[in-house]
1. Name every residue in region 322-339 that is away from the ligand (no atom under 16 Å from the Cβ) and open to solvent by less than 10 Å² (accessible area, probe 1.4 Å), in order of residue number.
2. Return a yes/no flag: does region 96-119 have any residue that is touching a residue at least 12 places away in the same chain (Cβ under 8 Å) and farther than 26 Å from Ala139 by Cα.
3. Looking at (1) open to solvent by 10 Å² or more (accessible area, probe 1.4 Å); (2) within 16 Å of the ligand (Cβ to nearest atom); (3) in a loop (DSSP other than H, G, I, E, B), can you tell me which one Asp298 breaks?
4. Can you tell me which residue is nearest to Asn309 (Cα to Cα) among those in region 66-80 that are surrounded by fewer than 22 Cβ atoms within 10 Å (Cβ to Cβ) and of a type outside the set (Gly, Ala, Ser)?
5. Suppose we filter region 1-35 for residues that are open to solvent by 100 Å² or more (accessible area, probe 1.4 Å), touching a residue at least 40 places away in the same chain (Cβ under 8 Å) and closer than 22 Å to His320 by Cα; how many remain?
6. Select, from Val304, Val322, Val261, the only residue that is outside any helix (DSSP H, G or I) and of a type in the set (Val, Ile, Thr).
7. What number of residues within region 304-316 satisfy the criterion of being of a type in the set (A, V, I, L, M, F, W, C), open to solvent by 10 Å² or more (accessible area, probe 1.4 Å) and within 17 Å of Asp59 (Cα to Cα)?
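The values are calculated or read from the model by the stated rules, or taken from the named source; none is laboratory data. What you are looking at is a predicted structure, and each value in this text was computed from that prediction instead of being measured. Here the Cβ positions follow ideal geometry from the backbone for every residue, glycine too, while neighbour counts run over all protein chains shown. When the accessible area is computed, the model is the full protein with side chains, heavy atoms only, and any ligands, DNA or RNA have been set aside. Shrake-Rupley method; radii C 1.70, N 1.55, O 1.52, S 1.80 Å.
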Amino acid sequence: MELPYAEPWKIKMVEPIRTSTRQEREAWLKEAHYNVFQLRADQVYIDLLTDSGTGAMSDRQWAALMMGDESYAGARSFYELKDTITRITGFDYVIPTHQGRAAENVLFSHLVHEGDWVPGNSHFDTTKGHIESRKAVAADCTVDEARNTQLEVPFKGNVDPAKLEKVLREHGDKVPFIIVTITNNTAGGQPVSMANLKEVRALADKYGKRVIFDSARFAENAYFIKTREEGYSDKSIKEITLEMFALADGMTMSAKKDGIVNMGGFIATRWEDWYEGAKRFAIPFEGYLTYGGMNGRDMAALAVGLDENTEFANLHARIHQVEFLASLLDEYGIPYQRPAGGHAIFVDALKVLTHVPKEEFPAQTLTVELYREAGIRGCEIGYILADRDPVTRENRFGGNDFVRLAIPRRVYTDNHMRVIAAALKNVYDRRESITRGVKITWEAELMRHFTVQLAPADE
Ligand code: F0G
């Protein structure tokens, strides 16, 4: 008999979690104004809010913490981190930052100015925020396939070269760089192929532009290139990673994802002028150049995390688990962005809660129902997150309306995946009876999803 697959690690430390009663959850939901960000984590049984900063570090990472050098300037831990980043990405210049959005803030302060155009593939909200707050345009050039959740294509995160070239042709003199997010979080954790990265590079060269990779989940992207793209199956993840970054000029990184640390980030680039430019903002915003908002021990743990998570076995265990959850949803007929992405399952709420009008936020309603059902916390990546149009102040109902079930790295077991799938099935089975959604009772002007207050629409 062929042996089943199992993780390449065993568990040394555990953290208790507890279930709750439906009655408790009903009261907590009300207190939280039907916004799961407002729940206390203790009120959550299985927490799928994000895969960011929620991973489990290895014994080697915990050991590295004890070896951290906390010197203000020139810490050994910085050089260990820098050497690891250079070995994995090929970039010589490295500036640590406290997390990914800080890397964006520092680098974009140097590069992005009023009236600029920054084309990319579904810019992440903070990336878009740092572009739009500088009165520049984040032009989305994602392939159209990403919109159709039921279409099985291997690289749904790709940049559409025709859309990109249009922006370069029409606004070329206003484009400071192109940004490619690997993997494409907003489109469902969908990867970008090496062939597509090469197409982007060729267009960048044609128009004399530089390319940044938003690299939060670069290792997962490399895994998909190895397993889905022709010609890469015999290459190691580290070989693929080097080949990917050879096509870029620099990167911003949220180390809380593929670095498997709880906090951290960095900028890396091959260009001295970008480094010099970013330096001017790194010091006032983040801290001196050899710590940039991170502790020495955190840089030490990150160096180990980056090394471990660019090994196939570790990535395979993770993506295998996401695929396992997807296979259970397939069994129950629950629609999600296909194929399963790297870090999460994005449930297609519009196809589940077909009776809830879009004005009553189907994905947010499903998020609430899943918590009500089993204390599982997902996250709406849909109409509430999309905010209002800055000019018309209308809700933006144009895109997908997803519930993201983000799977933390090395944290939950396949039994937890079974619970998640069963809870979703129970909600799915009573979907016909869910006819009303939620209404907004208070909202912030920007990034409203964190603090929005809601109530049942029929109250
Ligand atoms: N880029 C991408 C693709 C991201 O997914 C994130 C964060 C960031 C940049 C910003 O990094 O959080 O370290 O400041 N994504 C998290 C998520 C928050 O839940 O998807 P950060």
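1. Kept after step one, since they are away from the ligand (no atom under 16 Å from the Cβ), are these residues of region 322-339: 323-336, 338-339.
Scanning region 322-339 gives Leu325, Ala326, Leu329, Ile334, Tyr336.
2. Within region 96-119, one or more residues are touching a residue at least 12 places away in the same chain (Cβ under 8 Å) and farther than 26 Å from Ala139 by Cα.
3. (3)
4. Taking region 66-80 as the starting set, the residues that turn out to be surrounded by fewer than 22 Cβ atoms within 10 Å (Cβ to Cβ) are 66-74, 76, 79-80.
Next cut, of a type outside the set (Gly, Ala, Ser) only: 66-67, 69-70, 72, 76, 79-80.
Working: Met66: 20, Met67: 20, Asp69: 23, Glu70: 25, Tyr72: 28, Arg76: 22, Tyr79: 19, Glu80: 16 Å.
For region 66-80, the residue satisfying everything is Glu80.
5. 1
6. Just one listed residue meets the conditions, Val261.
7. Summing the residues that are of a type in the set (A, V, I, L, M, F, W, C), open to solvent by 10 Å² or more (accessible area, probe 1.4 Å) and within 17 Å of Asp59 (Cα to Cα) in region 304-316 gives 2.
Each row is one residue, and each column tells you yes or no for (1) surrounded by fewer than 17 Cβ atoms within 10 Å (Cβ to Cβ); (2) under 20 Å from Asn185 (Cα atoms); (3) in contact with a Pro (Cβ under 7 Å, 6 or more places away or on another chain).
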position	(1), (2), (3)
Val200	no, yes, no
Glu220	no, yes, no
Thr241	no, yes, no
Ala268	no, no, no
Trp271	yes, no, no
Ala278	no, no, no
Tyr288	yes, no, no
